[in-house]
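Here's the structure we're looking at; comments come further down.
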Amino acid sequence: LCGHWGNPGGASEVPSPARAPSSADAPNVRAFETRRFVLVFDDRDGQEVLRIADKTSGDQIEFDGAAMGITIKATSALLLRADGIINIEGTTVVINGRLVLPTGGAI
């Protein structure tokens, strides 16, 4: 991502996720950071991730390319809204630590 990473007085404004990698890995990590939010694209081998995070609340959405999954973390509430059906499918479904059994009947 393009951006101005200089600060008056010479201090760096390079987003924190882009400062951490080694110089060899740096071309594979891109980040955009505002006062509250951070967007990270990490294409390093075995660490592939796209993360959108709220630095204030800790809420985040993470697309994990290495583990092939999506994690949504909400610190106070996670709301799913639809004008139609919300369908959850998986080989195993766990709600609040309890396994949902595929009986075919209503829960």
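Condition check for Pro21 on (1) of a type outside the set (Gly, Ala, Ser); (2) surrounded by 10 or more Cβ atoms within 10 Å (Cβ to Cβ); (3) at pLDDT 85 or above; (4) assigned to a loop (DSSP other than H, G, I, E, B): one failure, at (3). Counting the residues of the range 48-74 that are farther than 22 Å from Phe32 by Cα and open to solvent by less than 80 Å² (accessible area, probe 1.4 Å) gives 2.
Checking each residue in the range 79-107 for being more than 22 Å from Asp59 (Cα to Cα) and charged (D, E, K, R) picks out Asp83, Glu89, Arg98.
Gly10 satisfies every condition listed in (1) modelled with pLDDT of 75 or more; (2) exposed (fewer than 10 other Cβ atoms within 10 Å of the Cβ) except (1).
The values are calculated or read from the model by the stated rules, or taken from the named source; none is laboratory data. What you see is a predicted model; the values in this text were computed from it and never measured. When we count neighbours, we look across all protein chains shown, and the Cβ atoms used for this are built from the backbone with ideal geometry, even at glycine. The area values use the complete protein model at the heavy-atom level, side chains included, leaving out ligands, DNA and RNA. Shrake-Rupley method; radii C 1.70, N 1.55, O 1.52, S 1.80 Å.
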